[in-house]
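First the structure, in the form of structure tokens, and then the observations on it.
Quick note: the coordinates plus some simple rules give every number you see, no bench work behind them. Values in this document were obtained by computation on a predicted structure and should not be read as measured data. Virtual Cβ from ideal backbone geometry, glycine too; neighbours counted across all protein chains shown.
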Amino acid sequence: MVVIQDGELMEIVEFQHVKPGKGGAFVRTRFKNVLTGRVIEKTFRAGEKMEEARLEEEPCQYLYHDGDLYHFMHRETYEQMVVGENVVGEKANWLKENIEVSIIFHKGKAIELRVPIFIEFRVTKCDPGVQGDRATSGTKPAKLETGVKIQVPLFLNEGAVVKVDTRTGAYIERVG
């Protein structure tokens with residue numbers, strides 16, 4: 001849930017309702033600032049109200065990037081929109097042409113980009129595995145089509161298609 005706290009968009013990461021034996025109940029809350037990523041903790045009296053932020057999620061298709069601007073097309077209206085690097089951030093590693101993503105808006109301003117959890121990428125560069133090492137569960141570095149480097153099993157070669165978890169950057173399985 002995202003709320004407006006002290007004029008900033010804050011995502012509730014964790015909360016704990018505490019009812020001490022003496023005195024009134026209170027809630028310990030851990031917030032993460034949606035725009036900066038900074039985490040803070042605050043304590044509130046039980047029953048205290050917060051303003052919920054109204055966020056809109058728009059389905060989009062990634063087109064291309066030009067410098068520090070990323071171009072997307074709305075899936076329903078076919079309207080093109082431009083999002084800055086400050087919104088895309090680290091998720092730029094997982095963007096490839098025509099991929100389906102979601103852009104989160106607050107009051108008409110893009111605040112976050114969401115990419116699918118699992119995406120398939122082609123391995124463009126990796127060293128060959130050593131024949132004797134194939135029986136072990138070792139890994140080697142590989143470069144994907146977007147330029148990001150991940151660790152893959154020794155049996156994979158250039159041109160292989162792999163499924164990657166975009167939350168952690170971990171290899172999941174070979175697809176083709």
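If only residues of the stretch 18-39 that are free of Cβ contacts under 8 Å to residues at least 24 places away in the same chain and outside any loop (DSSP other than H, G, I, E, B) are counted, the one that is surrounded by the most Cβ atoms within 10 Å (Cβ to Cβ) is 29.
Within the stretch 95-109, does at least one residue satisfy the condition of being without any contact (Cβ under 8 Å) to a residue 24 or more places away in the chain and under 28 Å from residue 162 (Cα atoms)? Checked against the condition, which is being without any contact (Cβ under 8 Å) to a residue 24 or more places away in the chain and under 28 Å from residue 162 (Cα atoms), the stretch 95-109 yields no hits at all. The sole residue among 1, 10 that is surrounded by 15 or more Cβ atoms within 10 Å (Cβ to Cβ) and either under 30 Å from residue 89 (Cα atoms) or touching a Pro at 6+ places or on another chain (Cβ under 8 Å) (or both) is 10. The set of residues in the stretch 65-96 being more than 27 Å from residue 9 (Cα to Cα) and under 17 Å from the mean Cα position of the chain (by Cα) consists of 96 alone.
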